[in-house]
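Everything below concerns the one structure shown next.
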């Protein structure tokens, strides 16, 4: 059971990091802000992150 919790949290943190890059961009490597062009995509990603984090706290 503990292994599944770690796997879930690892996936949630990877998803969160990707969402932050989409929202803020990364100028050092010339990644643009995706949310400026795809607002609906960013809203759906935000809902997904909230869902994963909410469900993974219920597992613990």
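Is at least one residue of region 39-47 exposed (fewer than 14 other Cβ atoms within 10 Å of the Cβ), assigned to a helix (DSSP H, G or I), in contact with a helix residue (DSSP H, G or I) (Cβ under 9 Å, 6 or more places away or on another chain) and in contact (Cβ under 8 Å) with a residue 12 or more places away in the chain? Yes, region 39-47 has at least one match. Of the candidates 23, 33, the single residue that is surrounded by 10 or more Cβ atoms within 10 Å (Cβ to Cβ) and in a helix (DSSP H, G or I) is 23.
Just so you know, all these numbers are worked out from the coordinates, no wet-lab data involved. Computed from a predicted model, the values in this text were never measured in an experiment. Positions of Cβ are generated from backbone atoms using ideal geometry, with glycine treated the same way; all protein chains shown enter the neighbour counts.
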